[in-house]
Amino acid sequence: MPTGSAAEKRTTGGWDTGGWVNPLRDPRDKRLPRIAGPCGLVIFGVTGDLARKKLMPAIYDLANRGLLPPGFALTGFARRDWADQDFHQVVYDAVKTHARTPFRQNVWDRLAEGFRFVPGSFDDDDAFDRLETTVADLDRIRGTGGNHAFYLSIPPNAFPVVLKQLARSGLSTQDGDQWRRVVIEKPFGHDLRSARELNEIVGDVFPEDSVFRIDHYLGKETVQNVLALRFANQFFEPIWNSHYVDSVQITMAEDIGLGGRAGYYDGIGAARDVIQNHLLQLLAFIAMEEPTSFSSDELRAEKIKVLKATRLVGPLDETTARGQYTGGWQGGELVCGLTEEEGFDPESGTETYAAITCEVETRRWAGVPFYLRTGKRLGRRVTEIAVIFKRAPHLPFDATMTEELGQNAFVIRVQPDEGVTLRFGSKVPGNQMEVRDVTMDFGYGMAFTEASPEAYERLILDMLLGEPSLFPVNDEVERSWEILDPVIENWATSGASPDPYPAGSWGPESAQRMMARTGRTWRRP
Amino acid sequence: MIVDLPSSTTSAVNRKLVELRESGGVLALGRVLTLVIVTDDGAGIEGAIEAANSASREHPCRVIVLARGQRRAAARMDAQIRVGGDAGASEVIVLRGYGPLAADEAGAAMVMPLLLPDAPVVAWWPAEAPAVPAQDAVGRLAQRRITDALSTKNPMKAFEQRRAHHVAGDTDLTWTRLTSWRALLATALDHPPHEPVTAAVVSGEAVSPSTELMAGWLAARLEVRVKRSRAEQGPGLVSVRLDRASGPVELVRSDGKVGSLRQPGQPERLVALARRSVPDCLSEELRRLDADEIYASALAGIGAVTRGRASVRTSAAGAPS
């Protein structure tokens, strides 16, 4: 091994920090993982479902994989009369039940040394002063180095008061090399105006590059794989345009209802809850042009470009659909309709199913409809992106031979059963020429899932590393609201209530009509 | 499911694999690589298969275990196919060759027809390995050759062979066991103060290939004086000290489980740093199918390491410093 070129390679590669290059790093050394530097995480709303089921297990999994810094600190903040030990127990239970990787006492002991709990309510100045002291103590005892992230796992109406408290107590102040970051979860407002207001509130306390908006779909391996499939392969790109693509259907369906979520969901509805963030982000990944590099700036530039070119297709009365599930037997279980769910207004006009039609006004996509749909209490839990191709312009067969031939389709199964399905026609064995649809499966999930990290692991680690590419920026959020707002306004002004659909079905009649007007149908995912 | 094919041939094995796929709908198409495990017939086989099965959850593969049986016997090949629950996410083919079929060339000829089309081949010697893996009959079929000096009868001798005969594509699990140490050290240098390292000391057990390799890596990367010393206590690699103008960065693991990171002006930080299991190491190895240049340079760097005579004392993790 010639070592003469080592010094030269070191200057081009390595971990460049302000002109200084770490001699122990080398871009060819792909084994070395990125471990977050000294830091701590403060979670607001540790008693919530998200914290227990996702955040705490993800933190343990990261520790278990050796990706958290030695001396990492986790501080919980909530209105509970807990001591540090009670908080330990809560995290322990959450990790035992929900962590992905096996429990190792050795790892747990090290992690648990960094747990702190601060009791208090959001309007309590003393509590935030105590939090400030706790964080300063952690810097001294655990060596967190003044680097702290604040995870707001709380309802958005509590954001202003918490952010104000962070500013007042000096917790949001960043000096020199130290960083302070804030993580917020959807919803980012409920329309363009409120999104702007929210952003102003956050922006007053934290600069934009310290704000990490979590859209957990972007942390999923399958979604990141869309970019790999499209830009690392040769055979998708030539047909990835309106010459060959007939339409794109993006579906996110859930089989569960909304029992217990009235406080959040009533008055918000499916379109705001899912289409504005997850589905439009998926659309951006599918439709974007190739970025000049995979740096976060370039990726975002392409995503924003494609979102700016995305428009609704009208007339909205015919090209959109909304529904609300009614009670009935779903998969062997008697379930109630939305208006009978606990906490919902019996007259509630909130939609639990929403479908819209978009188009992307670029040379690549002109004329290709993008259908986006989401709903609760649908047939099964599934998220997928289906790219449906045009029929072959000429079929050298008799009509009877291709009766059973559908359209070719390329389906990315985002969850569950992650993978890719390709549907095409094949000859049926026998002495007649007869062509029928078959599928070819790539089971990403089948063999890879056990080792592929949870979305939250990836996102929390990226946030601690300050790597922003998987987090939507404010421009994307605002642009998504601009796209969706007219639909919601149209539904509001029409005065009609959402169309009912039975629990366990694939949505209301109006959704089928919306497709039928152009001679298409929804895929059954 | 386990299917035994006594006194068989590779074409019969291939036929049976296709038959199993058709009748049981079992797997086999999404495989990304073929892993050939070369070992002597005996108790070690199951441990190696288990490690391969657990690695296959991350890297779906076809595992071919080439077990060399009695040389003084009649020529015979026994085959066994494991699929489904008995094979993790892989399919396992165990080939036992006896008599002339226990020889290297004949073994490679048995493996050849069972390699997956157009997919990389990785060879793994879980215990004793040939002196020059790249020139071995099976080694020549593979892009990647994995050995484990520590599990041989004479680890230092095996490690010296690795050093002397390194070819791009070879790696030894000695190197894999260092990844978490290397990551912690590299991360420690990522953050300010960004001062050059002026000297380094690595200490460990008297017989510890990993300690040698760590010293070699630091010598190659830092191009400063690196001293390798004996540690008074602790298994394997025990401590690394990087001297800088503002004070040393030290990573110490004296009990084989918990590491302690010490930096000037910062509190001591503990980190779980247990010695890694073989399945864990194998998973990491299979993640890389290209040559590991950094490993090569670390091997080359060992020549520049100086030997310390006095042994190094390290205070235990968690002790007041």
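The values are calculated or read from the model by the stated rules, or taken from the named source; none is laboratory data. All values reported here derive from a predicted model rather than from experimental measurement. Quick reminder, even Gly has a Cβ in these numbers, built from the backbone with ideal geometry, and neighbours come from all protein chains shown.
Residues of the range B:35-78 that are assigned to a helix (DSSP H, G or I) and under 18 Å from B:Pro6 (Cβ atoms): B:Ile45 alone. None of A:Asp209, A:Asp175, A:Asp204 is part of a loop (DSSP other than H, G, I, E, B), exposed (fewer than 15 other Cβ atoms within 10 Å of the Cβ) and touching a residue at least 12 places away in the same chain (Cβ under 8 Å) except A:Asp175. If you go through the range A:326-362 and pick out every residue that is assigned to a loop (DSSP other than H, G, I, E, B) and more than 17 Å from A:Gly504 (Cβ to Cβ), you end up with 12. The number of residues in the range A:161-204 being farther than 30 Å from A:Glu489 by Cα, touching a Ser or Thr at 6+ places or on another chain (Cβ under 9 Å) and not hydrophobic (A, V, I, L, M, F, W, C) comes to 4.
Against the condition buried (at least 18 other Cβ atoms within 10 Å of the Cβ), over 24 Å from A:Glu318 (Cβ atoms) and of a type outside the set (Val, Ile, Thr), how does A:Glu341 come out, does it pass?
For A:Glu341, the condition - buried (at least 18 other Cβ atoms within 10 Å of the Cβ), over 24 Å from A:Glu318 (Cβ atoms) and of a type outside the set (Val, Ile, Thr) - is met.
When we screen B:Ser260, B:Ser277, B:Ser297, B:Ser239 for residues that are closer than 16 Å to B:Ser180 by Cα, within 9 Å of chain A (Cβ to nearest Cβ) and among the small types (Gly, Ala, Ser), the only hit is B:Ser260. Take B:Arg244 and tell me if it is within 14 Å of chain A (Cβ to nearest Cβ) and touching an Asp or Glu at 6+ places or on another chain (Cβ under 7 Å). When the stated conditions are applied, B:Arg244 passes them.
A:Ala232 meets the conditions (1) touching a Cys at 6+ places or on another chain (Cβ under 9 Å); (2) modelled with pLDDT of 90 or more; (3) surrounded by fewer than 19 Cβ atoms within 10 Å (Cβ to Cβ) in every case but one. The failed one is (1). Looking at A:Ala112, is it among the aliphatic types (A, V, I, L, M), assigned by TED's automatic domain parsing to the domain that holds A:Gly66 and under 30 Å from A:Asn199 (Cβ atoms)? No. Listed by position, the helices (runs of 4 or more DSSP H) enclosed by the range B:79-190 that each have at least 3 residues that are surrounded by fewer than 19 Cβ atoms within 10 Å (Cβ to Cβ), more than 14 Å from chain A (Cβ to nearest Cβ) and out of contact with any strand residue (DSSP E or B) (no Cβ under 8 Å at 6 or more places or on another chain) are B:104-111, B:155-164. The set of residues from the range B:197-220 being within 8 Å of chain A (Cβ to nearest Cβ) and free of Cβ contacts under 8 Å to residues at least 60 places away in the same chain comprises just one member, B:Val197.
Might you let me know whether the range B:149-156 holds any residue that is over 30 Å from A:Gly143 (Cβ atoms) and in contact with a Cys (Cβ under 8 Å, 6 or more places away or on another chain)? Let's see the steps before the verdict.
Quick first cut of the range B:149-156, residues over 30 Å from A:Gly143 (Cβ atoms) only: B:149-156.
Among the residues that remain, those that are also in contact with a Cys (Cβ under 8 Å, 6 or more places away or on another chain) are: none.
Checking the range B:149-156: not a single residue is over 30 Å from A:Gly143 (Cβ atoms) and in contact with a Cys (Cβ under 8 Å, 6 or more places away or on another chain).
If you go through the range A:99-113 and keep only what is part of a loop (DSSP other than H, G, I, E, B), touching a strand residue (DSSP E or B) at 6+ places or on another chain (Cβ under 9 Å) and within 23 Å of A:Pro453 (Cα to Cα), you end up with just A:Arg104. In the range B:282-303, which residue that is touching a Lys or Arg at 6+ places or on another chain (Cβ under 7 Å) and at pLDDT 90 or above is surrounded by the fewest Cβ atoms within 10 Å (Cβ to Cβ)? Checking each candidate, the answer is B:Glu293. Taking the stated definitions as given, is A:Gly114 within 14 Å of chain B (Cβ to nearest Cβ), at pLDDT 90 or above and surrounded by 17 or more Cβ atoms within 10 Å (Cβ to Cβ)? The answer is yes for A:Gly114. When we screen B:Pro120, B:Pro113 for residues that are touching a residue at least 40 places away in the same chain (Cβ under 8 Å) and touching a helix residue (DSSP H, G or I) at 6+ places or on another chain (Cβ under 6 Å), the only hit is B:Pro113. Total residues in the range A:41-98 satisfying the condition of being within 14 Å of chain B (Cβ to nearest Cβ), in contact with a Gly (Cβ under 7 Å, 6 or more places away or on another chain) and part of a loop (DSSP other than H, G, I, E, B): the figure is 3.
Pick out the one residue from A:Ser121, A:Ser153 that is surrounded by 15 or more Cβ atoms within 10 Å (Cβ to Cβ), among the polar types (S, T, N, Q) and more than 14 Å from chain B (Cβ to nearest Cβ). Only one candidate qualifies: A:Ser153.
Here's a check for you: in the range A:80-95, which residue that is in contact with a helix residue (DSSP H, G or I) (Cβ under 9 Å, 6 or more places away or on another chain) and charged (D, E, K, R) is farthest from B:Ala274 (Cα to Cα)?
By that ranking, first place goes to A:Arg80.
Quick grid of which residues meet (1) over 30 Å from A:Phe285 (Cβ atoms); (2) loosely packed, with under 12 Cβ neighbours inside 10 Å; (3) touching a His at 6+ places or on another chain (Cβ under 9 Å):
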| residue | (1), (2), (3) |
| --- | --- |
| A:Leu395 | yes, no, no |
| A:Met401 | yes, no, no |
| A:Glu404 | yes, no, no |
| A:Ala409 | no, no, no |
| A:Phe424 | no, no, no |
| A:Lys427 | yes, no, no |
| A:Gly430 | yes, yes, no |
| A:Glu434 | yes, no, no |
| A:Met440 | no, yes, no |
